[in-house]
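Student: Quick one: structure below, then a few questions.
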Amino acid sequence: MNRPGKRYRVRGVAGGAAALLLLTGCGGGDGGGDSPARALGKAEVASVLPDAKAVPGWQNLTKPQAQERNPQFPPPVCLTAAKDKHRTACDRITFWGVSAFTRKSDRTALNFWTLAYKDEKSADAAYDALAGYYGGDRVGIGAVPVKIGDPGDEHLANRARTGTMGGPATLTQIRSGTTVLGVSTGTEGTSALSDQQVKDIAAMFTERAKQAQNGEKPTSALPGR
């Protein structure tokens, strides 16, 4: 079924509080496997977030870090259009974290975040609540979909010619099992990441989440330079 589918600050994001962009998606069901996906602990959430080895050619600004949800300081990337949606998406988070990168050669930012939940049902509901806020033109006026294949259980990706950093931007959200993953890119320049690059980044990030939920150490990475 298709769907619309300490604190951190990250550059290049739509939606106010944190400089982060979020992509949201289309896709299917509640996991699709024979057994439900595992809930992740704090260290596992941190391991899902790409590090410098996973994203060659980029400078790591914020190393992968995860923390337990603090009711007083909800994740700045957990934004919804209504209070009931906020409770669904943000109050049920168990752990969350971010990592962030920059590429000085073309003044481009690349941000990742992971929101973890106790089960797939909670993650599925959170995905929908977040998609209602971050979908469509949230990445920038005149946003158009980016074809990123079929990562995760649900996904959506959009691109705008003008994002919060002044240049092209993309926003991607993916649900993989018990996690909701977000990726944002933005630039002060004029060169946008290609659809293939956005697709490769989404596939790499989703695979890292799958590896963690299978009890493995995430090793998925983008190709070297």
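Student: Which cross-chain or sequence-distant (5 or more) residues have an amide H under 5 Å from the amide H of Met165, H modelled 1.01 Å from N in plane?
Tutor: Under 5 Å from the amide H of Met165 lie the amide H atoms of Thr187, each far enough along the sequence or on another chain.
Student: What distance in nm separates the two pseudo spin-label positions at Ser105 and Asp137, each 7 Å out from Cα along the beta-carbon direction?
Tutor: Each label point is offset 7 Å from its Cα along the Cβ direction, giving 3.5 nm.
Student: Given points 7 Å out from each Cα along the Cα-Cβ axis, report the Asp150 to Ala221 separation in nanometres with one decimal.
Tutor: Inter-label distance under the simple model: 2.9 nm.
Student: Of the peptides 61-72, 189-200, how do they stack up when ordered by the mean number of other Cβ atoms within 10 Å, highest first?
Tutor: Sorting 61-72, 189-200 by mean packing, highest first, produces 189-200, 61-72.
Student: Separate question: Would you kindly find the accessible area of Glu207, with a 1.4 Å probe and non-protein molecules such as ligands, DNA and RNA excluded, rounding to the nearest 10 Å²?
Tutor: 70
Student: Under a plain spin-label model, where a point goes 7 Å from the Cα along Cα-to-Cβ, how far apart in nm are Lys118 and Ala81?
Tutor: Distance between the two pseudo-spin positions: 2.8 nm.
Student: Now for a separate question. Before I look further, what does the stretch 70-225 give for accessible area per residue, probe 1.4 Å, in whole square angstrom? Working shown, then result.
Tutor: Details: 6550 Å² over 156 residues.
Accessible surface, normalised per residue, equals 42 Å².
The values are calculated or read from the model by the stated rules, or taken from the named source; none is laboratory data. Since we're looking at a predicted model, the values are computed, not measured. Neighbour counts run over all protein chains shown; Cβ positions are idealised from the backbone, glycine included. Protein only, heavy atoms only, side chains kept; ligands, DNA and RNA dropped before computing areas. Shrake-Rupley method; radii C 1.70, N 1.55, O 1.52, S 1.80 Å.
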